Amino acid sequence: MTPGGRLAAAIEVIEAMETRHRPVSEALKEWGIAHRFAGSKDRAAIGNMVYDALRRRDSSRWLWRDASARAAVVVAFCRSRGLSAAAFDGLVAGDPHAPAALTDAERDALDSADLGDAPDHVRADVPEWLAGRLARSLGMDWVEEGAAMAERPPLDIRVNRLKADRDKVARALAAHGVAETTLAPDGLRIPPIVGDGRHPNLQVEPAFQKGWFEIQDEGSQVAALLTGAAPGEQILDLCAGAGGKSLAIAAAMGNKGQIFATDSDRSRLAPIFDRMKRAATRNLQVRPARADLSDLEGRMDIVLLDVPCTGSGTWRRRPDAKWRLSEGALADRIADQAQLLDQAVRFLKPGGRLVYVTCSLLTEENGDQLAAFLARTSGMELVAPAAMIDAAPLSDAARAALRPCAGEMGVLMTPRRTKTDGFFVGMMRRG
């Protein structure tokens with residue numbers, strides 16, 4: 001396909017999403033089925049254009065004062081590649097499949113790319129109703145934080161210390177340009193994709209099949225380490241999902257002790273079995289969805305509560321989610337989180353730690369939840385975020401980098417602060 005044809009396809013996908021209210025993954029899949037002539041490189045390039053357009057949707061439309069899918073795709077495409085209007089014209093010149101030619105006004109706006117007069121939520125590329133909430137959560141730099149969430153993300157992996165070390169995996173994946181992460185001691189990173197490229201499918205690598213590594217964002221790896229899990233401890237991962245943090249903790253514990261992993265959704269939990277086998281994890285016991293956990297009450301050194309949330313910290317990877325998020329959905333997540341906190345405390349033994357994790361940037365889902373829980377729950381006390389950082393098995397440099405992320409109630413990582421996805425981690429101890 002020509003560049004113009006790819007752009008037209010990306011516009012078609014965005015239009016399908018907005019008119020039929022489809023998630024981006026489904027819209028791209030449906031387009032691919034309907035256009036089987038498109039090769040894998042074409043589909044990857046179109047996907048990049050669509051995701052870039054969604055990441056910078058409102059700022060791109062504002063530059064042209066045009067709410068169309070064409071504006072979102074073309075402006076984001078040129079901004080992400082540093083193309084002038086003349087360069088864009090040259091790229092699609094004579095292409096019968098290209099979108100409509102630029103107007104003079106569009107050329108001027110594209111070349112100036114001036115967002116100086118744009119509202120803050122437009123410069124941050126976030127829904128307007130979230131502006132006040134993000135300002136409260138992220139402080140004076142919240143617009144810059146939002147802009148950082150509109151960038152392409154890297155691809156991070158966690159080396160499985162039960163089978164390999166970081167040097168060994170780095171050598172195995174050297175062709176992909178991996179580099180060591182700065183915070184997570186077992187992390188490796190492949191930089192964000194450039195232009196029409198795509199990240200490698202690491203799951204076909206022999207090193208992955210051998211269980212040497214798992215795909216996991218560096219922020220998620222750090223969140224697992226902030227639990228402070230030690231060999232021999234008893235741990236309950238109450239919202240385990242596919243088991244990423246459970247597997248990371250099991251490796252950090254050297255397969256010593258016991259982790260119980262469960263989730264209310266059996267489909268989310270299903271991948272954990274293959275992952276455990278591949279990783280040679282022996283101290284992880286999976287409890288079925290909604291299983292009776294009464295035998296674990298009062299026994300746990302740590303309860304990890306990685307709660308369902310709005311996912312604002314993952315907007316680089318799921319940019320359509322920020323435009324679909326509603327106040328009603330936020331209220332539902334807040335209610336779910338409070339209920340899970342109340343359920344989790346009964347599993348703690350005296351002195352046990354409740355570690356609360358979200359991939360949200362919103363204070364309502366983070367510090368406010370912990371403050372409300374502590375106010376209604378006797379016998380629980382907050383562990384100072386700085387103390388949580390100092391106790392984690394991290395390098396001195398990583399601890400120093402994380403300390404500015406420590407607030408009153410927990411640690412908040414963001415793409416701008418830590419170059420990771422957004423994660424909040426707070427810890428409380430039972431007296």
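What follows draws every value from the coordinates through simple rules; no lab data is involved. The shown structure was predicted, so the numbers you read here are calculated from the model rather than taken from an experiment. Every residue, glycine among them, receives a Cβ derived from its backbone with ideal geometry; neighbour counts consider all protein chains shown.
Excluding the site residues themselves, the longest part of the chain lacking any GluC sites (Glu not before Pro) in a DSSP loop with at most 14 other Cβ atoms within 10 Å is 1-296. Separation of the range 290-305 from the range 41-60 is 43 Å, based on Cα centroids. For the range 248-368, what value does the Rg/Rh ratio take when both radii are computed over Cα atoms and Rh is the Kirkwood radius, given to two decimals? Rg/Rh: 0.99. For the chain, complete DSSP H runs whose alpha carbons reach 24 Å or more along their own long axis and whose mean Kyte-Doolittle score is 0.0 or higher are 3-20. Rg/Rh for the range 218-430 (Cα atoms only, Rh after Kirkwood) is 0.93. Highest GNM mean-square fluctuation among Asp390, Asp342, Asp117, for the chain modelled with Cα contacts below 10 Å: Asp117. Based on every Cα atom in the range 3-115, Rg and the maximum pairwise Cα distance Dmax equal 13.4, 39 Å. Here the extension length gained between Arg171 and Asp117 equals 14.6 nm, from 0.36 nm per residue of separation less the Cα-Cα distance. Relative contact order, whole percent, for the range 3-115 stands at 34, derived from Cα pairs under 8 Å and 6 or more residues apart. Near the amide H of Val286, within less than 5 Å, lie the amide hydrogens of Ala261, all on another chain or at least 5 residues away, with H placed in the peptide plane.
State whether the range 147-200 is rounded, prolate or oblate according to the following rule on the C-alpha gyration tensor (a ≥ b ≥ c being the square roots of its eigenvalues): a/c under 1.5 gives rounded; otherwise a/b larger than b/c gives prolate, and the remaining case gives oblate. Because a/c hits 1.5 or more and a/b fails to exceed b/c, the range 147-200 counts as oblate. In this calculation the C-beta distance from Lys349 to Glu180 is compared with R0 = 41 Å, giving a FRET efficiency of 0.65. In summary, the aspartates and glutamates within cross-link reach of Lys163, defined as a Cα separation below 16 angstrom excluding same-chain residues under 8 places away, comprise Asp186, Glu205, Glu214, Asp274. The distance separating the Cα centre of the range 373-431 from that of the range 206-267 comes to 18 Å. Of all beta bridges that DSSP places with both ends in the chain, some 60 percent have antiparallel geometry. Helix-only arithmetic for the chain: the sum of -39500 (n - 2.57) across DSSP H runs with n ≥ 4, divided by the residue total, places the mean residue ellipticity at 222 nm at -12500 deg cm²/dmol. Among the listed pairs Lys168/Lys419; Lys29/Lys419; Lys168/Lys210; Lys210/Lys277, those with a Cα-Cα distance over 19 Å are Lys168/Lys419; Lys29/Lys419. GNM on the chain, C-alpha springs below 10 Å: top fluctuator among Ser25, Ser294, Ser246? Taking springs between Cα atoms under 10 Å, the residue moving most is Ser294. Kirkwood's formula applied to the C-alpha pairs of the range 199-282 gives a hydrodynamic radius of 13.3 angstrom.
One way to sum up the overall shape of the chain is the equivalent ellipsoid from its Cα gyration tensor, whose semi-axes run 40, 25, 19 Å, largest first. According to the Kirkwood relation over distinct C-alpha pairs, the hydrodynamic radius of the range 66-212 is 18.9 Å. Over the range 331-403, the reciprocal of the mean inverse Cα-Cα separation, the Kirkwood hydrodynamic radius, stands at 13.8 Å. The Rg/Rh ratio for the range 167-246 is 1.00, where Rg is the radius of gyration of the alpha carbons and Rh is the Kirkwood radius.
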